[in-house]
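Q: This is the structure, below, for whatever I ask next.
The values are calculated or read from the model by the stated rules, or taken from the named source; none is laboratory data. These numbers come from a predicted model, not from an experiment. Here the Cβ positions follow ideal geometry from the backbone for every residue, glycine too, while neighbour counts run over all protein chains shown. Accessible surface areas use protein heavy atoms only, side chains included; no ligands, DNA or RNA. Shrake-Rupley method; radii C 1.70, N 1.55, O 1.52, S 1.80 Å.
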Amino acid sequence: MKTKRAIVCVTNDLSNDRRVDNSCTVLTELGFIVTLVGRHRKSSRPLAQRIYRTYRMRLCFDKGFLFYAEYNLRLFFFLLVRKSSLILANDLDTLLAAYQISRLKGCNLVYDTHEFFTGVPELVERPRVKAVWERIERKIFPHLKHIITVNKSIAGLYQELYGKTLTVIRNVPPLRESDATATKIELGIPEGSRVILLQGAWINKDRGGEEAVEAMAYMKDAVLLVIGGGDVISELKTIAERPEIKGKVIFKDRMPFEQLRRYTTVADIGLSLDKDTNINYRYSLPNKLFDYIHAGVPVLASPLVELRKIIETYDVGALISSHYPEAIAQSMQSMLSNTENLKLYQANCIKARLELCWDEEKKIAEALYRPLL
């Protein structure tokens with residue numbers, strides 16, 4: 001059988017994108033020779049060995065219009081000179097070059113939109129930039145044959161806009177026989193404290209980080225563990241220095257999946273507090289929700305559509321009543337003090353992960369990609 005090659009495109013540095021790693025892995029297992037292409041940043045760390053090839057472009061620009069223009073130009077020529085029978089474009093910022101090459105070469109194109117791209121808060125506040133991305137999307141989307149997204153709500157938004165049926169593949173972890181556990185002392189956490197965890201690669205504005213830190217002013221015998229990066233981290237550190245909060249918040253930078261899991265497993269509660277301030281957050285289904293569930297950690301979340309659906313269907317946690325710090329603290333304290341409920345949530349997490357796992361979602365991905373092989 002003739003060898004099939006797949007090129008997977010992203011704008012990140014390939015380090016911490018589990019969804020893309022899952023896609024590359026399933027394509028490799030199906031028989032494609034896979035190359036994942038992204039970019040190299042000054043802060044990029046060496047990549048661990050993977051079962052597929054990786055390539056990181058060094059670009060002159062790091063953000064803004066010039067970055068996206070340079071990236072797509074470089075990606076266009078990268079794809080032009082390499083053989084491929086399949087291109088997988090992840091998010092709208094990779095789609096232009098991928099679509100042009102797929103038309104030029106006549107190869108298959110799959111588009112995986114990880115969010116409702118034109119509804120992200122960074123674009124909502126910049127109408128001119130948003131208009132450019134909307135124009136690109138309107139130009140290309142109607143011509144796409146294979147489109148993936150992360151949940152039914154976002155699939156419904158795109159179907160309403162373009163009359164297209166999308167394949168839903170949720171971004172969930174694989175099942176594991178055992179977690180890499182560690183003690184609180186080994187992780188630098190006070191041994192007698194209850195641990196409230198807020199993790200995420202991008203802890204940005206309107207994701208509830210500020211209120212979570214402020215809520216610690218009302219908490220006793222508990223610490224808030226914040227793991228990740230984002231544009232509000234420096235502000236969170238400033239808030240954490242207030243006298244009534246100081247010493248109750250621990251910050252950790254972004255870290256590889258395996259290292260992160262060691263911290264997740266020691267948590268008593270996992271937070272997912274996105275606000276309903278834009279259409280993208282309204283219908284979001286954050287990766288951390290599934291990370292908490294797989295680690296057996298009960299979830300305290302904002303009552304967004306997809307979050308509510310998971311939490312109420314599987315009974316794995318509770319929903320906050322508002323984003324006022326005192327109300328969040330009351331919800332956290334209520335969960336921590338009700339030992340019976342907490343144990344029930346933990347048990348339900350263990351059951352739920354049997355369904356909410358990559359082992360199940362992988363079957364959907366295989367059904368999509370196998371005919372393209």
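Q: For the chain, modelled as a GNM with alpha-carbon contacts under 10 angstrom, which of Leu285, Leu79, Leu224 fluctuates the most?
A: Of Leu285, Leu79, Leu224, the most mobile in the Gaussian network model is Leu79.
Q: Next question. Given a Förster radius of 22 Å and the C-beta distance between Glu312 and Lys363 as r, what FRET efficiency does 1/(1 + (r/R0)^6) yield to the nearest 0.05?
A: Numbers: r = 25 Å, r/R0 = 1.13.
The value I calculate is 0.30.
Q: Calculate, for the range 332-373, the solvent-accessible area per residue in square angstrom, rolling a 1.4 angstrom probe over the heavy atoms of the protein chains. List each step's numbers first, then the result.
A: Details: 2310 Å² over 42 residues.
So the range 332-373 comes to 55 Å² accessible per residue, rounded to a whole number.
Q: For Asp253 and Thr165 in one chain, what is 0.36 nm times their gap in residues minus the Cα-Cα distance, to one decimal in nm? Don't skip to the end; give the middle numbers.
A: Working: separation 88, 0.36 × 88 = 31.68 nm, distance 3.82 nm.
Difference between extended and current length: 27.9 nm.
Q: Leu30: net charge of surrounding residues, Cβ under 11 Å, Lys/Arg +1, Asp/Glu -1, itself excluded?
A: Around Leu30, the surrounding residues sum to +1.
Q: With the convex hull built on the Cα atoms of the range 240-284, state its orientation-averaged projected area in nm².
A: 5.1 nm²
Q: First measure r as the distance between the Cβ atoms of Ser334 and Glu70, then evaluate 1/(1 + (r/R0)^6) with R0 = 41 Å and state the FRET efficiency to the nearest 0.05. Present the calculation step by step, with values, prior to reporting the outcome.
A: On the way: r = 50 Å, r/R0 = 1.23.
That pair, Ser334 with Glu70, gives E of 0.25.
Q: Rolling a 1.4 Å sphere over the protein heavy atoms, what is the accessible area per residue of the range 225-287, to the nearest Å²?
A: Heavy-atom accessible area per residue stands at 43 Å².
Q: Would you be so kind as to identify which of Thr265, Pro127, Leu66 lies farthest towards the positive end of the dipole of the chain, taking Lys and Arg as +1 and Asp and Glu as -1 on Cβ and the Cα centre as origin?
A: Leu66
Q: What does the charge count near Leu368 come to, summing +1 for each Lys or Arg and -1 for each Asp or Glu among other residues with Cβ under 15 Å from its Cβ?
A: For residues surrounding Leu368, the net value is +3.
Q: How much accessible surface area, in Å² rounded to 10, belongs to the heavy atoms of His40 with a 1.4 Å probe?
A: 50 Å²
Q: Follow-up question, since we're still on this one. Give me the net charge of Leu197's neighbourhood, meaning all other residues with Cβ under 13 Å from the Cβ of Leu197; Lys, Arg count +1, Asp, Glu -1.
A: Once positives and negatives cancel, what remains is +4.
Q: Tell me, rounded to the nearest percent, the portion of alpha carbon pairs in the range 151-202 spaced more than 18 Å apart.
A: The proportion of pairs with Cα distances above 18 Å equals 64 percent.
Q: Can I ask one more? Using alpha-carbon pairs under 8 Å, 6+ residues apart, how would you state the relative contact order of the range 133-230 in percent?
A: Relative contact order, the range 133-230: 22 percent.
Q: Something else: How much length is gained if the chain between Arg45 and Phe61 is pulled fully straight, taking 0.36 nm per residue apart and subtracting their Cα-Cα distance, in nm to one decimal?
A: Working: separation 16, 0.36 × 16 = 5.76 nm, distance 1.85 nm.
Using 0.36 nm per residue and subtracting the Cα-Cα distance, I get 3.9 nm.
Q: With +1 assigned to the C-beta of every Lys and Arg and -1 to the C-beta of every Asp and Glu, and no other charges, what is the dipole magnitude of the chain about the Cα centre in debye, to the nearest 20?
A: Roughly 1860 debye, rounded to the nearest 20.
Q: I've got another one for you. With the cut-off at 1.5 for a/c, could you classify the range 1-118 from its C-alpha gyration tensor as rounded, prolate or oblate?
A: Oblate is the answer for the range 1-118, as a/c is 1.5 or above yet b/c matches or exceeds a/b.
Q: What is the percent carbon and sulfur in the accessible area of the chain, measuring with a 1.4 Å probe over the protein chains and ignoring ligands?
A: Working: 8960 of 17760 Å².
C and S atoms contribute 50 percent here.
Q: Estimate the FRET efficiency between Arg370 and Thr54 by the formula 1/(1 + (r/R0)^6), using the beta-carbon distance for r and 30 Å for R0, to the nearest 0.05.
A: After rounding, the FRET efficiency stands at 0.80.
Q: Note down the accessible area of Arg45, probe 1.4 Å, to the nearest 10 Å².
A: Roll a 1.4 Å probe over it and Arg45 shows about 140 Å².
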